[in-house]
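Colleague: The following block contains the structure, expressed as structure tokens.
Just so you know, all these numbers are worked out from the coordinates, no wet-lab data involved. Treat the numbers as computed from the prediction; the structure is a model and nothing was measured. Positions of Cβ are backbone-derived with ideal geometry, glycine not excepted, and every protein chain shown enters the neighbour counts.
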């Protein structure tokens, strides 16, 4: 069994954890998240913490035990604190503006690009070249950040484009004659 699967997930006060045969439901101040139950993982709910163990001795059950534990832990963290990703726009004239659930990007194309945010994701722009994506579901926050970055990924010669705030882009040297 993995080391991660051995650690129980503690459920803080203010978070409601329910499970049935098909799904796991976690409710909190940040919203409600659901996850499909897996038959290879046995989940035991002891007051205040949730433990995970493999249902049989298969290799697949061992792998899924650690995965399910981490997914439930991310759900608990999501409904309590939430997750966020920061993006930065680098380039002359590159700017972004958030209006409601839409993101309007001007990133060097002949037209502005509009990106509609899915339900449960909030976007703010503290400055015209920064985007902060927040939400309770870690996977959806990362997916939306990747989709926004894919509109104009950073290019390797000048570094222009949309990048994560902590991303380092290796700048290539241009061809010499």
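Colleague: So between residue 132 and residue 37, what do we pick up on full extension, going 0.36 nm a residue minus the alpha carbon distance?
Modeller: Length gained between residue 132 and residue 37: 31.0 nm.
Colleague: Another one. With the convex hull built on the Cα atoms of the chain, state its orientation-averaged projected area in nm².
Modeller: Mean shadow area of the hull around the Cα atoms is 14.3 nm².
Colleague: Output the 0 to 90 degree angle, nearest 10, between the alpha-carbon long axis of helix 59-80 and the longest principal axis computed from the alpha carbons of the chain.
Modeller: 70
Colleague: Now, a different point. Once you put a point 7 Å from the Cα of residue 122 and another 7 Å from the Cα of residue 106, both along the Cβ direction, what distance in nm separates them?
Modeller: If labels sit at residue 122 and residue 106, their model points lie 2.7 nm apart.
Colleague: Return one number: the angle in degrees, 0 to 90 and rounded to the nearest 10, between the long axis of the Cα atoms of helix 138-151 and the longest principal axis of the Cα atoms of the chain.
Modeller: Compared with the principal axis, the helix lies near 20 degrees.
Colleague: With each pseudo-label sitting 7 Å past Cα toward Cβ, what's the residue 92-residue 165 distance in nm, one decimal?
Modeller: The answer from the label model is 2.8 nm.
Colleague: Between residue 6 and residue 56, take the C-beta separation as r, use R0 = 25 Å, and let me know the FRET efficiency to the nearest 0.05.
Modeller: The computed FRET efficiency comes out at 0.90.
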